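The values are calculated or read from the model by the stated rules, or taken from the named source; none is laboratory data. Keep in mind it's a predicted model, so treat the numbers as computed, not measured. Counting neighbours? That spans all protein chains shown, and the Cβs are built from the backbone with ideal geometry, glycine included. These accessible areas exclude ligands, DNA and RNA; they are computed on the full protein's heavy atoms, side chains included. Shrake-Rupley method; radii C 1.70, N 1.55, O 1.52, S 1.80 Å.
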Amino acid sequence: MSDQLRPYVVIVNNGSGCIFQPMDIGYSYILTAKHNLLDEGDQLNMLTRFEQNGASWTAREIPFQTLALGQNYFPHPQLDIAIITVPRIQGVSSIYRSDELNEQMNAGYALLGYPATRRQANLANKSLWFRSDAITQIMGHNDNAREFTLAGNANQEEVTGQSGGPVLILHQNNVMIAGIETNMARAFGENMGRAEFFPLTSFDEIIDQNPDTLCQLLPAHLSCFSFLMDEAFDLDAGFSQNNIAGIKAFLLDKARSVTQSGAAPHIIKKQFAKRLLIAEQKEEILQGKEIWKIWLEFITVMQIIQDRIIAEKDLEDLFNTVRLLHSDSDKDWSSELSNIAYSDYLGLADEGTVVISTRKPPARDDQYIIDGNIPLIASARKTRERHKLKINDGKIFPFDHYKFVHMDYFKGKSISRKHDEYSALETDQEYLDKLKLEYGAVFNP
């Protein structure tokens, strides 16, 4: 695991830091402890990362300019954290935030960095300075910081040099950061391997204080739907792929208008947050690509149905008319029935439509559109936990009031499974008429 995490960890003077690729694709941010710079008179003397070459690691110096407050150096006014901006570092993928930390968490996190003990033992070979320390427990807040326990009960002397190092985890092949370590726990004479880190929300405070210079700590693909174009409408008709080549090109052209409409993932994320997700899904999913690829397709479909451009100003109305709820599950959507029932439907208009998105299409071809007559739903209605329902007053159960359709209906069911019906179509008007006919089963009375 440490080999996959190490490319993000950097040497910052006598301490450590972490590369974060923000939405601004012109820059990379180095998140670190402020004292790594203050101890050197606000100077940056060493900024080094490592690239893996087979079994070895090669040091790469990161180009930087003299630190200038408010230009490329942004220390927190009270907390021991700072952001350094450098030209975009290539070859380092997006890193996701891990904000949902529960009390007494034990989930495979690690503290990574370049401790002084390793530096002193290997003066000439920087690649040997690296160390990864398992975290056995993450505890509650201590002011703005979180306290955690290092395996082996490391003391201050062992951890010196790791200040500014990230607390990282590899989850489903995504590198996720919980925060930046700054010091051992503040307790006299204690030797229990306790240290502290500041979560990403503390770095958000730096962003908020410099809105004209810094951008949100979110991956670049949240800045614009154009980053998702290569993955949108991945239609598959097997040996008959040529039959749907024309309709796929038509849909992608319509999707391009979404990228120019002003609607963007980070705007939708900020506006609706966890209301975009099926109940019990982690908010961290909102940083990934899958949900925003689905949203690009969803808005494209809605533009076809409504025959208009859906811009940023239209998002609230769209959300309260046709609600898209996403789950990262790779199981059949029937397995999410209970969570779908307890998702957020507040504000959704009477007889509204709910589009459910999962990684896998429905198991049965007759269950792309469902209603309350399915026995499994009837049983869930009887045993519903009424206090958990998030639904407008006067409504009893979501499946009694809304139409539910799987997102794959607009792709697999309406296009891929009917590929032969598209083979003879040639003009944009023919494509448009055909799609409106197919989608009409959902949206027409």
Checklist line | For the chain, with +1 on Lys and Arg beta carbons and -1 on Asp and Glu, the positive-most of L251, L38, G26 along the dipole | finding: L251
Margin query: Given N residues in region 369-445, what is its alpha carbon radius of gyration divided by 2.2 N^0.38 Å?
Written below: 1.53
Notebook entry, point to check: According to the Cα gyration tensor, what semi-axes, each the square root of 5 times an eigenvalue, does the equivalent ellipsoid of region 254-405 have, listed from largest to smallest in whole Å?
Noted result: 26, 16, 15
Next item on the list: Could you work out the relative contact order of the chain, using alpha carbon pairs under 8 angstrom and six or more residues apart, expressed as a whole percent?
Entry: 13 percent
Checklist line | Under-5 Å amide H pairs with N183, H placed in peptide plane, nonlocal only | finding: E196
Next item on the list: Name the residues whose placed amide hydrogens come within less than 5 Å of the amide hydrogen of R88, ignoring near sequence neighbours (fewer than 5 apart) on the same chain.
Entry: Y27, S28
Margin query: Let me check I've understood the local charge: for Y402, count other residues with C-beta under 10 angstrom from its C-beta, Lys and Arg +1, Asp and Glu -1. What total comes out?
Written below: -1
Margin query: Taking the 0 to 90 degree range and rounding to the nearest ten, how far is the long axis of helix 200-209 tilted relative to the main principal axis of the chain, both from C-alpha atoms?
Written below: 90 degrees
Next item on the list: Could you tell me how many degrees, from 0 to 90 and to the nearest 10, lie between the Cα long axis of helix 245-259 and the main elongation axis, the longest principal axis, of the Cα atoms of the chain?
Entry: 60 degrees
Next item on the list: Take the eigenvalues of the Cα gyration tensor for the chain, scale each by 5, and report the square roots as semi-axes in whole Å, largest first.
Entry: 46, 25, 20
Next item on the list: Considering Cα pairs under 8 angstrom that are at least six residues apart, work out the relative contact order of region 220-344 and quote it in whole percent.
Entry: 34 percent
Next item on the list: Express the accessible area of the chain per residue in Å², computed with a 1.4 Å probe while the remaining protein chains stay in the model.
Entry: 45 Å²
Next item on the list: Could you please tell me the mean projected area of the C-alpha convex hull for region 171-327, averaged over all directions and given in square nanometres to one decimal?
Entry: 13.6 nm²
